[in-house]
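Have a look at the structure below, then the notes.
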Amino acid sequence: MAVPVLVAQTPPPAPPPPPKARDVREEQRHIADYLTYAASDLQKGLERAGANNLDLATVSGLHAVDQMLQCSKLMDKDPYHVEQVRSWFFDNDAARSLLRDNFFKVLKPRYDDLEERLDNFAHNLKDRGYSAVLVTINKLRAWNTANDAATKRQIEREIDQVVTEVSRQAAAKVGGGSDASTGLHAGWGGPEAGALGAPGSSENAQSLGNGITAVAGKGGVILSDPSGRSATLAGATLNPDGTARLADGRTVDLKNAAIEPDGRVRLASGETLNGSGGDGGVANANSRFVGTDGGEIVIPADFDWKNGIATGIEKVFVGGRGGRLIRETKVTFRPNPSPGQPNTFVVARENGEVRSWAFDVQTVPGTEKKSTGSLTIAFELTDRNGATGFTIEKWDISGPGGSPAVSNSAGAQATATFAASGEYTIQVSGKTDWGSAFTIKKTLPVGVE
């Protein structure tokens, strides 16, 4: 008779002990640290963008997104850890309540506010031709909503790849930390090249034969040939079959077209079309611009062009375009044709008058009036530097009690009557006498007896 073989059973691993309150406090301290690091990187990005170092501003923004990702990894688990806390020396409910309040009333609002400011910064960079930060912050949102570990790991690898590659290119260009422009806008060729690269590198480019490609751009249809020469058919619309509807309403066939040295487009039929581009001529908003170091330069879309020279106001905002305005600079860009690169202009930048802004919403002394069930206060927007070259277009005040009655919607001062206590958000929209629109927000606690 066979003797049964007894196999020792390995006991399942014991579950980890519940976290102690001090462990969760340490976890929350690390969350706060990551938020501080991310805010610091964002501030550096804003400063670099303000100095028109858009490549390095992109690097700072990417590092901020990476810090937010590390923060998200901890925040993803922290509420669960809070509810597991068991304390031998303190009331469990009291310990969990303190940790829960710190997460939901302090850390989570800080994260949400920082994400919003970083998103505004990313869109501001995208408006100036740099999309890397917006690409990665969208990936971060995808990480936060993913339900399985494999998807999260893949997103982490994608974010890390973009951050690492763009930072490597920046270091190679500037020798490890200079604030000079790095030209990453034109040079990035990673997996997001269609989003991060120069205008005209879109994955929607059509091959027209003879090495010519066409892509739909903001100013019309942009054609490029293997030599690097390009031309823009202003106001034209590209069709999927390789034809284009011109600004005058005609439809022409672009297949087997050629770009002439003077920027004209010669169709296979022999007809020539006027196009902006070529080996020289006068620059315009559709031309390619580089600095003396070869790094790409983006001239703001709202600058005025006259005789090949662009002038305008360069604006620096905190919180994205149209947010808190902190600096204005009168700038002139003087492009000169590049001798060796078609449709490319080397730009000389001239800075004119510069002014800084330190806007603040304050209560007007002596205007506070209390009565049963209401409180009336006058507010004013001032610049702490003493400047007065701005006008107010609108006051908006909102809070838990709804929108209080506001005496006037425009002007430097406004009087509001509150009927309920709580925290109210005051939002002031205005414009400087240089034409820069801005919005200033301030939170104010109000107590109504």
Residues (in contact with an Asp or Glu (Cβ under 8 Å, 6 or more places away or on another chain), open to solvent by 10 Å² or more (accessible area, probe 1.4 Å) and not in a strand (DSSP E or B)) located in segment 429-449: Trp434
Scanning segment 281-297 for residues that are farther than 14 Å from Thr232 by Cα, in a loop (DSSP other than H, G, I, E, B) and either at pLDDT below 75 or not small (Gly, Ala, Ser) (or both) gives Thr292, Asp293, Ile297
Lys73 fails exactly one of the following numbered conditions: (1) of a type in the set (Lys, Arg); (2) open to solvent by 70 Å² or more (accessible area, probe 1.4 Å); (3) modelled with pLDDT of 85 or more. What is the number of that condition? (2)
Which one is farthest from Arg86 (Cα to Cα), of the residues in segment 3-33 that are open to solvent by 100 Å² or more (accessible area, probe 1.4 Å) and modelled with pLDDT of 80 or more? Arg29
As an exercise: evaluate Leu118 against (1) loosely packed, with under 15 Cβ neighbours inside 10 Å; (2) modelled with pLDDT of 85 or more and give the number of the one condition it does not meet. (1)
Test Thr36 against the criterion of being modelled with pLDDT of 75 or more, touching a Gly at 6+ places or on another chain (Cβ under 9 Å) and of a type in the set (Ser, Thr, Tyr), and give yes or no. no
Of the listed residues (Asp41, Asp93), the one being more than 18 Å from Thr136 (Cα to Cα) and of a type outside the set (Gly, Ala, Ser) is Asp93
Give me the residue from segment 34-49 that is over 23 Å from Lys315 (Cβ atoms) and of a type in the set (A, V, I, L, M, F, W, C) and, out of that set, surrounded by the most Cβ atoms within 10 Å (Cβ to Cβ). Ala38
Going by the structure shown, is Thr376 modelled with pLDDT of 85 or more, over 26 Å from the mean Cα position of the chain (by Cα) and in a loop (DSSP other than H, G, I, E, B)? no
May I ask you to say which residue of Asn385, Asn351, Asn336 is exposed (fewer than 15 other Cβ atoms within 10 Å of the Cβ) and assigned to a loop (DSSP other than H, G, I, E, B)? Asn385
Please pick out the residue among Leu238, Leu267, Leu246 that is under 17 Å from Thr213 (Cβ atoms), surrounded by 14 or more Cβ atoms within 10 Å (Cβ to Cβ) and in contact (Cβ under 8 Å) with a residue 24 or more places away in the chain. Leu238
Cβ-Cβ under 7 Å, sequence separation 6+ or interchain: first residue in segment 394-415 and within 18 Å of Thr439 (Cα to Cα) and of a type in the set (Phe, Trp, Tyr), partner outside any loop (DSSP other than H, G, I, E, B) and at pLDDT 85 or above. Which pairs? Trp395/Ala414; Trp395/Val428
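The values are calculated or read from the model by the stated rules, or taken from the named source; none is laboratory data. Remember, predicted model here, so these are calculated numbers, not experimental data. Reconstructed Cβ throughout: ideal geometry from the backbone, glycine too, with neighbour counts over all protein chains shown. Side chains are part of the model used for accessible areas, which takes the heavy atoms of the whole protein and leaves out ligands, DNA and RNA. Shrake-Rupley method; radii C 1.70, N 1.55, O 1.52, S 1.80 Å.
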